[in-house]
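This report concerns only the one structure given below.
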Amino acid sequence: MKTSQLLENEYPAYCLTYFKAAGEVELVEELEICLHDFIRFVQNLPMDKFDYRYAEGKWTIKEIIQHIIDTERILAYRALRISRNDATPLAGFDENSYANNTIANKRSLQDLLTELSAVRHSNLLLFKSFSQEQLVRKGIASDQSISVRALGFMVIGHQKHHQKVFQEMYF
């Protein structure tokens, strides 16, 4: 299943930014590949950059990694609920509130990357477990209709979006 197979009625318009960041990829394969690419990328960053903020009020690299982890957990939870035909509308979340309530900057880089890897490996198994019917199933999250597979591509695109931010704003 590739990004280009998504139909316009499977996602809200704001998702296009993340799908473009993901590129034309196969869902399960890219969930694994982009994790390894991201870890290699982060491990090659200068150590003095992990607590750096490029502007007042902006997140550090450690905070962004925690944000990626938190967001992936939320997107996967939504995918699970929707895949199981749970029609309950799912609430949105305030990413800034989440970021303000972590201890990311006190954690080691290795600890954050280990957590990201554990979350991703769990989600790889989750997305591999979905049938084709479940992948195209839609539900409501943040007051918008979205499919299970669109949520999977959001995980990929969200991570790649932030990796690009690292490259453009932190170096």
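The values are calculated or read from the model by the stated rules, or taken from the named source; none is laboratory data. This one's a predicted model, so the numbers in the text were calculated from it and none came from an experiment. FYI the Cβ positions are ideal-geometry reconstructions off the backbone, even for glycines, and counts take in every protein chain you see. Areas reflect the complete protein model, heavy atoms only, side chains present, ligands, DNA and RNA absent. Shrake-Rupley method; radii C 1.70, N 1.55, O 1.52, S 1.80 Å.
Within region 82-102, the set of residues being surrounded by fewer than 18 Cβ atoms within 10 Å (Cβ to Cβ) and assigned to a helix (DSSP H, G or I) comprises Glu95, Asn96, Ser97, Tyr98, Ala99, Asn100.
In this structure, does Arg137 turn out to be charged (D, E, K, R), at negative phi, surrounded by 16 or more Cβ atoms within 10 Å (Cβ to Cβ) and over 18 Å from the mean Cα position of the chain (by Cα)? Here the answer is yes, as Arg137 does meet what is asked.
With Phe19, Phe50 as the choices, which residue is open to solvent by less than 40 Å² (accessible area, probe 1.4 Å), of a type outside the set (D, E, K, R) and either modelled with pLDDT under 95 or over 15 Å from the mean Cα position of the chain (by Cα) (or both)?
On the way: Phe19 fails: either modelled with pLDDT under 95 or over 15 Å from the mean Cα position of the chain (by Cα) (or both).
Selected residue: Phe50, the only one of Phe19, Phe50 that is open to solvent by less than 40 Å² (accessible area, probe 1.4 Å), of a type outside the set (D, E, K, R) and either modelled with pLDDT under 95 or over 15 Å from the mean Cα position of the chain (by Cα) (or both).
The single condition from (1) closer than 15 Å to Ala104 by Cα; (2) touching a residue at least 24 places away in the same chain (Cβ under 8 Å); (3) surrounded by fewer than 20 Cβ atoms within 10 Å (Cβ to Cβ); (4) of a type outside the set (A, V, I, L, M) that Lys62 fails is (3).
Within the span defined as region 119-131, one or more residues are at pLDDT 95 or above, over 13 Å from the mean Cα position of the chain (by Cα) and among the aliphatic types (A, V, I, L, M). The set of residues from region 140-171 being within 20 Å of Ala91 (Cβ to Cβ), over 11 Å from the mean Cα position of the chain (by Cα) and part of a helix (DSSP H, G or I) comprises Val148, Ala150.
Residues in region 3-22 that are over 24 Å from Val165 (Cα atoms) and charged (D, E, K, R): Glu8, Glu10.
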